[in-house]
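The values are calculated or read from the model by the stated rules, or taken from the named source; none is laboratory data. All values reported here derive from a predicted model rather than from experimental measurement. Every residue, glycine as well, gets a Cβ built from its backbone with ideal geometry; the counts of neighbours run over all protein chains shown.
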Amino acid sequence: MAKVLVVTSGKGGVGKTTSTAALGAALAQTGKNVVVVDFDVGLRNLDLIMGAERRVVYDLINVVQGDAKLAQALIRDKRLETLFLLPASQTRDKDALTSEGVARVMAEMRERFDWVICDSPAGIERGAQLAMYHADTAVVVTNPEVSSVRDSDRIIGLLDSKTERAERGERISKHLLLTRYDPVRAARGDMLKTEDVLEILSIPLLGIIPESQDVLKASNLGSPVTLADPTSAPARAYMDAARRLLGETIDMSIPTDRKGLFGKLFGRRVA
Amino acid sequence: MAVVLMPDAPLAEWIAQLDAQIARSPRFFDGRPVVLDLEGFSGTEDGFMTLIEDLAARAIRVIGIENADALGSRLAALPPVLSGGRTVGLPMLVPGDPAPAPPPEPAAEREPHGLVLDQPVRSGQSVAFTTGDVTVIGSVASGSEVIAGGSIHVYGTLRGRAIAGLLGPGPNGAKHRIFCRRLEAELLAIDGIYKTADEMDPALQGRPVQVWLDGDQIAISALD
């Protein structure tokens, strides 16, 4: 039976889709059968980040409405044979998703895969609630700044009340993924420090992903950052996070871009 | 949706078991329509003709009967025969089974002492408890509120709103207070009088404080 993971945040633009792709690829690289599902109907991005936008024939709504079978809609990644994508529709909107339909598709995916990773849309309305409803685990993606932290707190409250597990009286296990972290700015006080965010949100830390230009380069290439450049700082941080999801204990550290001696002397400081 | 009761003979015993059931969960039948499944009854059993009245005496409203083929002419005295019922997953109450939990009731039956929350109050959540104190073991997030009829105690950081003494001073003029381990509140109110973050002394931010009403002013003092 699969684990269903929802990647959510409340706030938009903090790194949910990037993280879904990166964690999905990292888990698939360890041999797990993984499907990443885009729940952002009408504003789909996961297919772009995965580099599959030219192979989309059927999407989640087609499967929910019975126009296509799940197997027809799933797109296998060209680089990793155990990684699949279920894209969202771009032409429809969230009202086309029904709870029963989603439940049926989730049940089918649970049979086929080890990990079902749901990329939630931003916000707290129906799209986000449908994405989180069937989750066993949640990764709450947060930037170390005040509005993202408050929105994440809101979404944590919803994870504790509007999910199937919460309705049964159980709790979803929640993990904090701190993204776009810049240690220089945090030291200067421009950004919240990790301890501040943890104190406010009170959920265990899964990983700290440093701000990096490698993330944008990877999305432009249509590849999860863990595949495009596995030695880059964000990729290494995502790999650690994925291994923690699998239960390994790894010391928390913030990987930095490795620079040679000349890089240190002449490299620019992050502004 | 109706609850189906399936009596069995001897009826006196079945009714005694039903009474035990009702004693365990007195509100289960409140307002619920009940259908009697009379399979196996021929109408000659002891207590059969008074069954409907006996149930009515226990505030059980029988709206119809099922599987009444064997009853023949006795049907005239009974509630209408229903057919085509569909089971919809509501557990059948057979005396002897543990009763399903009744719907949650507001705690009007006993005097509550206070509400204790051992999870932080998350942004967007609103906790309202009009009949006593509220104690939060954890923080109260920015954008959330705790509303109490009594006092409020936050063993964590108060970042949201705390509204104490919602219904005014208590009996004997009991005044209510707000306590927290770290003050970063957006709004504090006691007995209807409030103060926003802007109006609070900056020197008190981030410190453990108690808040009370001094005349008609909110007073805050540090506890450390």
Looking only at region B:169-211, filter to residues that are surrounded by 18 or more Cβ atoms within 10 Å (Cβ to Cβ) and farther than 16 Å from B:Ser139 by Cβ; which one of those is farthest from the chain's Cα centre (by Cα)? B:Met200
Under 6 Å between Cβ atoms, at least 6 apart or on separate chains: pull out the pairs that start in region A:163-177 with a residue that is within 21 Å of A:Gly127 (Cα to Cα) and end on any residue that is part of a strand (DSSP E or B) and hydroxyl-bearing (Ser, Thr, Tyr). A:Ser173/A:Thr137
A:Glu100, sole failed condition from (1) farther than 27 Å from A:Ile208 by Cβ; (2) touching a helix residue (DSSP H, G or I) at 6+ places or on another chain (Cβ under 8 Å): (2)
Out of region A:24-44, which residues are more than 22 Å from A:Glu108 (Cβ to Cβ) and either within 13 Å of the chain's Cα centre (by Cα) or part of a helix (DSSP H, G or I) (or both)? A:Ala25, A:Ala26, A:Gln29
How about region A:183-201: which of its residues are within 13 Å of chain B (Cβ to nearest Cβ), in contact (Cβ under 8 Å) with a residue 24 or more places away in the chain and either of a type in the set (Ser, Thr, Tyr) or farther than 9 Å from A:Pro144 by Cα (or both)? A:Ile200, A:Leu201
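Residue by residue, here is whether (1) buried (at least 22 other Cβ atoms within 10 Å of the Cβ); (2) among the aliphatic types (A, V, I, L, M) holds:
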site: A:Val14; (1), (2): yes, yes
site: A:Gly42; (1), (2): no, no
site: A:Leu48; (1), (2): no, yes
site: A:Val57; (1), (2): no, yes
site: A:Leu74; (1), (2): no, yes
site: A:Ser99; (1), (2): no, no
Out of B:Ile137, B:Ile147, which single residue is of a type in the set (A, V, I, L, M, F, W, C), more than 14 Å from every other protein chain (Cβ to nearest Cβ) and surrounded by fewer than 19 Cβ atoms within 10 Å (Cβ to Cβ)? B:Ile147
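Looking at this structure, is A:Lys162 out of contact with any strand residue (DSSP E or B) (no Cβ under 8 Å at 6 or more places or on another chain) and under 23 Å from A:Ala28 (Cβ atoms)?
Working: out of contact with any strand residue (DSSP E or B) (no Cβ under 8 Å at 6 or more places or on another chain): yes; under 23 Å from A:Ala28 (Cβ atoms): no.
Spelling it out, it is not the case that A:Lys162 is out of contact with any strand residue (DSSP E or B) (no Cβ under 8 Å at 6 or more places or on another chain) and under 23 Å from A:Ala28 (Cβ atoms).
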Tally, over region A:79-112, of residues that are in contact (Cβ under 8 Å) with a residue 60 or more places away in the chain and of a type outside the set (D, E, K, R): 3
What single numbered condition from (1) of a type in the set (Asp, Glu); (2) touching a helix residue (DSSP H, G or I) at 6+ places or on another chain (Cβ under 9 Å); (3) more than 14 Å from every other protein chain (Cβ to nearest Cβ) fails to hold for B:Asp191? (2)
Could you tell me whether any residue of region A:137-151 is under 22 Å from A:Ala2 (Cα atoms), touching a His at 6+ places or on another chain (Cβ under 8 Å), modelled with pLDDT of 95 or more and more than 14 Å from chain B (Cβ to nearest Cβ)? yes
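If you take the residues in region A:221-255 that are in a helix (DSSP H, G or I) and of a type outside the set (A, V, I, L, M), which one is nearest to the chain's Cα centre (by Cα)? Walk me through it before giving the result.
Taking region A:221-255 first, the residues in a helix (DSSP H, G or I) are A:221, A:225-228, A:233-245.
Retained after the next criterion (residues that are of a type outside the set (A, V, I, L, M)): A:226, A:234, A:236, A:238, A:240, A:243-244.
Values: A:Thr226: 13, A:Pro234: 13, A:Arg236: 15, A:Tyr238: 10, A:Asp240: 14, A:Arg243: 15, A:Arg244: 14 Å.
Ranking the candidates gives A:Tyr238 first.
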